[in-house]
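The structure under discussion appears below in the form of structure tokens.
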Amino acid sequence: MKRMSNNSILVVGGGFAGITAALEAAEIGYEVYIVETNPYLGGRVAQLNQYFPKLCPPSCGLEIQFQRIKNNPNVKVITMASVESVSGTKGNYDVKITQRPRYVNEKCTACGECEKATASTVESEFDFGTGKRGMAYKTHPFMFPMRYVVDAENASEGELSAIKAACPYDAVDLDDTSKAIDLNVGAIVVATGWKPYDVSNLTNLGGGTLKNVVTNMQFERLAAPNGPTGGQIARPSDGMEPKKIAFVQCAGSRDQNHLNYCSYICCMASLKHVRYVRKRSDANVTVFYIDLRTPGRYDKFKVATEADDKLSLVKGKVAAIVEDAAGNPIVTVENALTGIKSEEKFDMVVLATGMEPSTAGLTAPVGSMDADGFVMDGEGIIAAGCAKQPLDVMKTAQSGTAAAMKAIQTVVGR
């Protein structure tokens with residue numbers, strides 16, 4: 001017997017694009033499943049201190065979206081999950097999903113007693129290794145779903161027992177196991193987002209080896225009030241406030257040895273970071289760039305930022321970064337306008353690492369990809385957000401809406 005096509009929609013990825021796509025489709029009346037590999041929704045936006053151009057905190061936009069999800073029974077959220085296989089065709093896909101155990105059930109009130117019972121720590125993935133987390137943790141204050149996670153893989157038996165005993169609501173379930181979920185959907189939106197380019201590949205820039213050379217996303221967490229330093233920008237090596245900071249643009253982008261393309265957001269992100277620094281201190285800031293790309297309305301942001309007399313903009317590609325005995329980064333750069341090659345010492349350097357498409361949450365291939373790894377639209381499979389191309393938050397939301405419309409067109413009337 002031939003199976004009937006399904007008018008449900010699967011959204012792979014619960015970042016800003018995925019959330020937008022899911023809500024736009026659900027509020028028209030379609031059943032939507034969001035599959036997210038992290039314990040929370042919000043993607044990279046949730047990890048920001050602020051997003052440009054208005055410098056809003058991420059909670060500003062995300063909490064509205066979370067409320068819409070809570071109020072819409074058409075949206076089903078599956079966190080800590082991966083798509084294992086996809087079979088079928090447009091209008092009738094069979095999708096197999098594996099959900100990892102959270103070890104915390106829906107009785108959790110996020111009271112934090114379990115976290116107090118943890119003794120050991122590991123590097124925080126949410127903070128890109130700039131801070132630590134315990135064996136029972138929530139990633140950030142506006143986490144959704146607002147429910148703790150127990151890291152049973154890294155915790156000792158004694159610590160697991162202490163975590164369970166500390167919970168006053170019987171929310172810790174150490175017998176939790178992986179779950180297999182089968183879905184039948186008519187369209188799939190791939191919104192798996194992006195990941196920072198692997199900084200360890202940038203050996204000439206000291207990526208991953210020099211303590212006071214950090215990535216733009218690590219810097220974002222250092223500036224965030226919910227980050228490891230409480231929003232105080234500090235050198236990783238000694239916790240001191242840097243008085244002289246350099247930002248290195250196109251760290252891995254527009255480079256045939258790394259990422260061939262422009263990552264679109266890096267220039268604006270670094271100009272935003274300049275404002276973070278100047279809001280907190282009198283530090284001198286230098287931005288080394290190839291081109292400063294601030295398209296459209298963002299040019300106003302650039303003009304306002306570059307008016308700061310503590311900011312120097314130097315057109316030139318950084319060739320190397322080393323450190324002195326005190327851990328101060330020394331930057332070698334050739335000024336493209338004067339032709340002068342120089343070395344300059346800084347307290348801290350921030351690498352504007354590029355935006356690479358992520359396949360997080362996808363064990364099985366879903367849709368075809370171009371030479372750079374970005375997902376291309378196919379029959380019944382629609383790419384959205386930074387899975388499709390490098391985008392900022394505003395254009396990511398627009399992309400999510402467009403993907404929802406295409407998904408609806410695929411399943412309408414089925």
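For each pair in K211/K317; K195/K315; K272/K406, compute the distance between the two Cα atoms and list the pairs where it is over 25 Å. Beyond 25 Å between Cα atoms: K195/K315; K272/K406.
In deg cm²/dmol, rounded to 500, what helix-only [θ] at 222 nm does the chain give when every DSSP H run of at least 4 residues adds -39500 (n - 2.57) and the total is split over its residues?
Working: 8 runs with 89 residues, N = 414.
After summing the helix terms and dividing by the residues of the chain, the value is -6500 deg cm²/dmol.
Rounded to whole numbers, the Karplus 3J(HN,Hα) couplings from phi for segment 348-364 are 7, 10, 10, 8, 7, 5, x, 9, 10, x, 9, 10, 4, x, 10, 7, 9 Hz, using 6.51 cos²θ - 1.76 cosθ + 1.60 with θ = phi - 60°, and x at Gly and Pro. Expressed per residue, the C-alpha convex hull volume of segment 241-355 stands at 109 Å³. Using Cα springs under 10 Å in a Gaussian network model of the chain, which residue among K395, K164, K54 shows the largest mean-square fluctuation? Greatest mean-square fluctuation among the candidates belongs to K54. Computed over protein heavy atoms with a 1.4 Å probe, the accessible surface of segment 196-303 works out to 41 Å² per residue.
Here the Gaussian network model covers the chain, with springs between Cα atoms less than 10 Å apart; of D182, D170, D324, D324 fluctuates the most. Considering only alpha-carbon pairs that sit under 8 angstrom and 6 or more positions apart, the relative contact order computed for segment 1-93 is 34 percent. Projected over all directions and averaged, the alpha-carbon convex hull of segment 160-210 occupies 8.7 nm².
For the Cα atoms of the chain, what angle does the longest principal axis make with the long axis of helix 393-411, in degrees from 0 to 90, nearest 10? So the helix axis and the longest Cα principal axis differ by about 20 degrees. For the chain, what % of the accessible area comes from carbon and sulfur atoms, probe 1.4 Å? Percent of accessible area from carbon and sulfur atoms in the chain: 50. Among residues other than M376 with Cβ under 14 Å from its Cβ, the summed charge is -2 (Lys and Arg +1, Asp and Glu -1). Zone of D291 (label point 7 Å along Cα→Cβ, backbone N under 20 Å): which residues in segment 381-410? So the set is 389-392.
Sparse packing (at most 15 other Cβ atoms within 10 Å of the Cβ) combined with a DSSP loop state is found for the following GluC sites (Glu not before Pro) in segment 45-125: E106, E125. Other residues with beta-carbon under 13 Å from the beta-carbon of Y261 carry, at +1 per Lys or Arg and -1 per Asp or Glu, a net charge of -1.
For the chain, give me the percentage of DSSP beta bridges that are antiparallel, rounded to the nearest 5 percent. All intermediate terms of the calculation are to be shown ahead of the outcome.
Numbers: 38 of 72 bridges.
Restricted to the chain, the bridges split so that about 55 percent are antiparallel.
The GluC sites (Glu not before Pro) of segment 316-383 that DSSP puts in a loop, and whose beta carbon has at most 16 other beta carbons within 10 Å, are E379. By the Cα gyration tensor, the chain has an equivalent ellipsoid whose semi-axes, rounded to whole angstrom, run 38, 28, 18 from largest to smallest. Taking a sphere under 13 Å around the Cβ of S358 and counting the other residues whose Cβ falls inside, with K and R at +1 and D and E at -1, yields a net charge of -1.
Rounded to the nearest Hz, the phi-derived 3J(HN,Hα) couplings of segment 305-315 under the Karplus curve 6.51 cos²θ - 1.76 cosθ + 1.60 (θ = phi - 60°) are 6, 6, 6, 5, 6, 8, 9, 10, 9, 10, 7, where x marks glycine and proline.
Mean-square fluctuation check for the chain, GNM, Cα pairs under 10 Å: which of L23, L202, L41 is largest? Among L23, L202, L41, the largest GNM mean-square fluctuation belongs to L202.
The values are calculated or read from the model by the stated rules, or taken from the named source; none is laboratory data. All values reported here derive from a predicted model rather than from experimental measurement. Positions of Cβ are generated from backbone atoms using ideal geometry, with glycine treated the same way; all protein chains shown enter the neighbour counts. Accessible surface is based on the protein model in full, side chains and every heavy atom, while ligands, DNA and RNA are left aside. Shrake-Rupley method; radii C 1.70, N 1.55, O 1.52, S 1.80 Å.
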